[in-house]
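Step one of this worksheet: look at the structure below.
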Amino acid sequence: QDNARQKYTELVSSLVSAESASQEKDASPEESRHDGYETILVTTKNNITKIMFNRPDRKNAINHKMYREIIKALEEAGKDDSTIAVITGNGDYYSSGNDLNNFTNIQPGEMEKMAKDGAVLLKEFVGHFIDFPKPLIAVVNGPAIGICVTVLGLCDIVYASDRATFHSPFSQLGQSPEGCSSYLFPKIMGLAKANEILLFNKKLTAAEACAQGLVTEVFPDRTFQKEVWARLEAYASLPKNSLAVSKQLLRSMEKEKLHAVNSKECEVLKERWLSDECVNAIVSFFQKKSKL
C-alpha cells in the first residue's frame with residue numbers, strides 16, 4: 001500500500017511539474033507583428049490574431065486602402081495558427097465608418113465607375129466577414145459608425161466599453177443599409193428596433209445595444225481592456241478545431257442567405273451613391289465640416 005501511495009505521489013508531482021513547465025513556457029510568448037499594413041495593425045499573441053484599425057487621427061475612418069488591408073488581414077487570420085481573431089480600434093474611436101473622402105476628387109464622368117468599384121469592394125469586404133472560418137470577436141473600444149456597426153451582426157461576440165456608441169446614419173447621408181444588417185438586425189433585435197436604427201438613424205448607447213442583442217456584454221471603460229483580454233485569452237486556450245467546426249456549423253445554415261443579402265445590399269447602394277440625394281447629403285456634410 002505504501003508503495004502504491006509513493007507511486008501515486010510521484011505521478012502527481014510529475015504531472016504538476018510538467019504543467020508548471022508548460023505554463024512557464026507559454027507564459028509570455030512574443031507578440032508577432034504582421035508586416036505589409038499601413039492603415040491597420042495586425043499582431044498575433046497567445047493564439048489570438050488582433051486586427052486593429054489604425055487611423056486614430058481620422059477616427060479610424062475606412063478608406064479604400066483600409067478596406068483592402070482588412071480583407072487581406074481576415075484572409076491571413078483565417079489561415080494562420082491562431083484560435084480566434086479580434087477586431088478593435090486604436091485611440092478613442094472604434095471606427096467612424098466609411099471615410100467620406102472616398103467620395104471626393106471624383107470627376108463627373110467617373111461617378112459610375114466609382115459606384116461600381118465601391119460596390120464590388122464592399123461586397124468582398126462583407127463577404128470576408130460572412131465566410132470567416134474561426135470565432136471573430138469585436139472589441140468596441142469607443143464610438144462605432146456605419147459599416148463598422150452593421151458588420152457587428154456578423155461577429156460571433158461583441159464586447160463594448162460603456163463609452164461606445166452605435167450609429168448608422170444611412171438615410172441622413174442618402175444611403176441604405178449594408179453589412180447584411182437589413183436581414184440580421186431585425187433578426188437580432190426585432191423589426192421595430194431595427195427600423196429605428198437603420199431607417200431613422202437612432203444612435204444607441206452601449207447599454208441599449210446590449211439590451212437589443214447587438215452587443216454581448218458591456219464593461220466599464222477603466223477596466224475594459226483588462227477584463228476583455230482576460231476573457232479572450234481564456235477563449236483562445238480552447239481546442240482550436242472544435243471552435244472552428246462549431247462556428248462553421250452555426251454559420252452554415254445562414255451562409256447562402258447572407259451572401260444573397262450582401263449582394264442585394266451592394267446593388268442598392270451602388271444606385272444610392274449615384275443618386276442626387278446621396279451626392280447632396282455628402283456635399284452638405286463637407287460644407288458643415290468646413291464651417292467648424
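The values are calculated or read from the model by the stated rules, or taken from the named source; none is laboratory data. Model, not experiment: these values are computed from the prediction. Cβ atoms come from the backbone with ideal geometry, glycine included; neighbour counts cover every protein chain shown.
Some points to look at:
- Of Phe166, Phe132, all but one fail to be in contact with a strand residue (DSSP E or B) (Cβ under 6 Å, 6 or more places away or on another chain) and under 22 Å from Cys266 (Cβ atoms); the exception is Phe166.
- Subset of segment 63-80 (residues that are farther than 18 Å from Val158 by Cβ and either touching a residue at least 40 places away in the same chain (Cβ under 8 Å) or touching a strand residue (DSSP E or B) at 6+ places or on another chain (Cβ under 8 Å) (or both)): His64, Met66, Tyr67, Arg68, Glu69, Ile71, Ala73, Glu75, Glu76, Gly78, Asp80
- Those residues of segment 133-156 which are within 15 Å of Gln225 (Cα to Cα) and touching a Ser or Thr at 6+ places or on another chain (Cβ under 6 Å), in sequence order: Val139, Asn141
- Residues that are of a type outside the set (Asp, Glu) and touching a Gly at 6+ places or on another chain (Cβ under 6 Å) within segment 47-96 comprise Phe53, Pro56, Asn60, Tyr93, Tyr94, Ser95, listed in sequence order.
- Pick from segment 26-82, criterion among the polar types (S, T, N, Q) and more than 16 Å from the chain's Cα centre (by Cα), ranking: modelled with the lowest pLDDT: Ser28
- Residues that are not in a helix (DSSP H, G or I) and not aliphatic (A, V, I, L, M) were ranked within segment 62-80; the one that is nearest to Asn98 (Cα to Cα) is Asn63.
- Selection within segment 82-102 - in a strand (DSSP E or B) and either touching a residue at least 60 places away in the same chain (Cβ under 8 Å) or more than 26 Å from Gln287 (Cα to Cα) (or both): Ile84, Ala85, Val86, Ile87, Thr88, Gly89
- Scope segment 212-235; condition farther than 19 Å from Asp92 by Cβ and either modelled with pLDDT under 95 or touching a helix residue (DSSP H, G or I) at 6+ places or on another chain (Cβ under 9 Å) (or both); matching residues: Gln212, Gly213, Leu214, Thr216, Glu217, Tyr235
- Long-range neighbours under 8 Å by Cβ, at least six apart or interchain, first residue outside any helix (DSSP H, G or I) within segment 258-281, second surrounded by fewer than 20 Cβ atoms within 10 Å (Cβ to Cβ) and of a type in the set (D, E, K, R): Leu274/Glu112
- Qualifying helices (runs of 4 or more DSSP H) (wholly inside segment 135-249; at least 1 residues being more than 20 Å from Lys123 (Cα to Cα) and without any contact (Cβ under 8 Å) to a residue 24 or more places away in the chain): 181-189, 191-198, 206-211, 224-236
- Residue in segment 275-288 that is surrounded by fewer than 16 Cβ atoms within 10 Å (Cβ to Cβ) and closer than 29 Å to Ser82 by Cα present: no
- Within the option set Leu232, Leu258, being under 23 Å from His167 (Cα atoms) and surrounded by 13 or more Cβ atoms within 10 Å (Cβ to Cβ) holds for one residue only, Leu258.
- Condition met for Pro177 (closer than 26 Å to Ser284 by Cα, surrounded by fewer than 21 Cβ atoms within 10 Å (Cβ to Cβ) and over 13 Å from the mean Cα position of the chain (by Cα)): no
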